[in-house]
1. In terms of the ratio Rg/(2.2 N^0.38 Å) built on C-alpha atoms, what value belongs to segment A:95-229?
2. For chain A, which DSSP H helices look membrane-span-like by this rule: Cα extent along the axis of 18 Å or more and mean Kyte-Doolittle of at least -0.5?
3. Going by amide H atoms built from the backbone, whose H comes under 5 Å of the H on B:Val3, apart from near neighbours?
4. Å³ per residue of the Cα convex hull, for segment B:47-146?
5. Restricting everything to alpha-carbon atoms, can you work out Rg to Rh for segment B:127-172 with a Kirkwood hydrodynamic radius?
6. Among A:Ser49, A:Ser293, A:Ser131, which one shows the highest mean-square fluctuation when chain A is modelled as a Gaussian network with alpha-carbon springs under 10 Å?
7. Quick one: of the DSSP bridges fully inside the protein assembly as shown, what percent are antiparallel, nearest 5?
8. What is the set of long-range amide H partners of B:Leu35 at a cut-off below 5 Å, with H atoms built 1.01 Å from backbone N?
Amino acid sequence: MSTNPFHVPPGGDGTPARAPINMRSRWMRINSARRYAVNHLISGLALLSTILVIVPLVAILVYLLYKGASSLNLAFFTHIPAPVGEPGGGMANAMVGSGIVLLVASLMGIPVGIGAGVYLAEFGRGKALASAVRFTADVLNGVPSIVVGIAVFGLLVEGRHYSAFAGGVALAIMMVPTITRTTEEMLATVPHAIREAALGLGVPKWRTVLSVSLKTASPGIITGCMLAFARVAGETAPLLFTAFGNQFWSLSLTQPIAALPLQIYAYAISPYDEWHRLAWAGSLVLIVMIMVSVTLVRIYASRGMLKGAS
Amino acid sequence: MGVGINVEHLNAWYGTTHTLQDINLRLPANHATALIGPSGCGKSTFVRCLNRMHETNPIARATGVVKMGDLDIYKDADPVEIRRRIGMVFQRPNPFPTMSIYDNVASGLKLNGFRNRAVLDETVERSLKSAALWEEVKDDLKKKSGASLSGGQQQRMCIARALAVDPEVLLMDEPASALDPVSTSKIEDLIFQLKSQYTIVIVTHNMQQAARVAENTGFFLNGKMVEFDSTHKIFTNPKDKRTEDYITGRFG
């Protein structure tokens, strides 16, 4: 016998044999009106939330375009900052500097983050070390960025000097927890059956992790890395005591280096209108740089996807 | 060619649960052996012990002797090597979703570092033909993901994948239970053909299926093997009352 309450077994004449038909249909009518209303209410709320999420992003972009676009010119991308009092100048050194610091941060933070995530998801299940790593990552995620900057200052800068490398290390430390936890979570969504398929074919565990688990989870892991990258790309505080900033060209990892957020900060708090305008332009460039790099990685990562691949 | 398997005093545990209790069994080479029994009776655990997949679960443990030919697989062999020689097909099709049909079938070889294109091509074609899937997929081998096939096709692809590493024994854990009748009959035809070359162990809930494909049948109940005999004997004249009750549908 069916336990489905909506199932009405037909009587001899084709009418439901269980409940009086008029009562059932009235109940259904009231109920369906209520469901209709609730359904639309929830859909409406979801739509409203989506709009609320998009509005700030669009507003920021529009405002930056309005404030910054007029100060963008070729010199902005090719010149270093002009001395105080002279007009013109650009942020070429800061853009390149940001690129270098972020590259250093990614080269260190992404492998360490993914490696720790793989350990948590594939090898450390139920082990005390894994719980410790997970807890540390969560705490690290909550550490204010200025504190990370000071810590790296104490480790790498004090007694030596400010350097691009120290800036990269500070940003890498900020990237690691996000990447670790995302990698772990994405690996956890890979069905166990797929790992068993590989193990059952006589594939060693390390190879299964590398070519099956990680590959299956890679879209999510890449998204996690991009989120971490985008987050630290705009960080100012960890760079204040590490990369420090530089008004001149420098490509050296052992010297202080300019970075867009630092340059924006320095110009924004200055008393000169010209520098304020450059700060707006710098902010616009920073946001566009982040958007472009995230988009490029996404396009690159989705290349060669197969028909019907999930 | 297939090779026989000899199981002596096999015991298996999940945590503290004694899932398999003193199993003794001979699986003859180049024959299909069916294992029947109600859910949770230990059939799946048993086949997972045969290729040492059981121990991939951290809380699982097994004792006893399992011999493949003369090789004691728990004593003298590396589990990874054993799994290469004893292939496995799972209950639900489990294609690698990021890989093409070609890469799925070639995965056992490729993931073990084998790169020779000509041999890979030839192996993929031969395996897909053995699994009766070649004609259906030969035009989009490298274009389509293995996950884009239908359930029945996916399962035949998984069989092809298992065959591609050239195992001597093929373990099938309810290979048709998630499939429709047409796909099921294709899989059964396939098992029928494959047993000339491989030793096959098939776990099934479908007693007609056991009767159709297997020479020998073992009946499991509550972690013990109640009876093992020729399929004909089990289904027409079982010795044990419990076997009779099960196959006549009085329980289970």
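Readers should treat all values here as calculations from the given coordinates under stated rules, not as data from a laboratory. Given the structure is predicted, the values throughout are model-derived calculations rather than measurements. Note that each Cβ is placed from the backbone with ideal geometry, even for glycine, and that neighbours are counted across all protein chains shown.
1. On the way: Rg = 16.9 Å, N = 135, 2.2 N^0.38 = 14.2 Å.
Working it through for segment A:95-229, the quotient is 1.19.
2. On the way: long enough: A:21-68 (69 Å, 0.88); A:92-118 (38 Å, 1.77); A:128-142 (22 Å, 0.84); A:164-188 (36 Å, 1.03); A:214-233 (27 Å, 1.11); A:273-302 (44 Å, 1.10).
Helices meeting the criterion: A:21-68, A:92-118, A:128-142, A:164-188, A:214-233, A:273-302.
3. Sorted by chain and number, the residues that satisfy this are B:Asn30, B:Thr199.
4. Numbers: hull volume 14.0 nm³, N = 100.
In segment B:47-146, the Cα convex hull volume per residue is 140 Å³.
5. Details: Rg = 10.6 Å, Rh = 10.9 Å.
My calculation of the ratio gives 0.97.
6. Result: A:Ser49 has the largest fluctuation of those listed.
7. Values: 26 of 45 bridges.
Percent antiparallel among DSSP bridges in the protein assembly as shown is about 60.
8. Residues meeting the criterion, in which the H sits 1.01 Å from N, are B:Ile202, B:Val203, B:Thr204, B:Gly218.
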